[in-house]
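Worksheet for the structure shown next.
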Amino acid sequence: MSMTPAPSEPPSNPFAGKTFTITGTLEKRSKDEAAMSIEVRGGKVAGTVSRKTDYLLAGDRAGAKLEAARALGVSILSEADFDRMVKEAGPITKAQRDAYLG
């Protein structure tokens, strides 16, 4: 009897349908690179924190947006937390990058 391996499940996508705000200085990437990582995976990036914000990606010197996120109960991500989400979602394909860049 031949055993066929079960198909592997695609990685989950913690970005799909979520709204992010990015603030502060990031160490590993620019804010534009972080925004691209979010948007090509189906998330949105907003310039301000609101009740509709799911996550605040907070780098050094986050300031007022960090305080607003805390006041609204928004989940706050460090860059290391964000890196884990990116890894979970899997790499960006060339087609996704090309579509994003136009």
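Derivation of every value follows stated rules applied to the coordinates shown; laboratory data play no part. Fair warning: this is a prediction, and the values are worked out from it, not measured in the lab. Because the Cβ atoms are built from the backbone with ideal geometry, glycine has one as well, and the counts that use them run over all protein chains shown.
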**OP:** Please determine, in degrees from 0 to 90 and to the nearest 10, the orientation of helix 79-89 with respect to the longest principal axis defined by the Cα atoms of the chain, where the helix direction is its Cα long axis.
**Re:** 30 degrees
Original post:
What spacing in nm lies between the two simple spin-label points modelled at residue 32 and residue 83, each 7 Å away from Cα in the Cβ direction?
Top reply: 2.3 nm
Original post:
Using a basic spin-label model with each label point 7 Å from the Cα along Cα→Cβ, how many nm lie between residue 98 and residue 51?
Top reply: 4.3 nm
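I'd like the Kirkwood hydrodynamic radius of the chain, using the inverse of the mean 1/r over distinct C-alpha pairs, in Å. Walk me through the numbers on the way to the answer.
Values: mean 1/r = 0.0682 Å⁻¹.
Computed over Cα pairs of the chain, the Kirkwood hydrodynamic radius comes out at 14.7 Å.
Tally Lys and Arg at +1 and Asp and Glu at -1 over the other residues with C-beta under 10 Å from the C-beta of residue 74: what net charge comes out? Can you show the working numbers first?
Values: positive: 51, 52, 65, 70; negative: 54.
Once positives and negatives cancel, what remains is +3.
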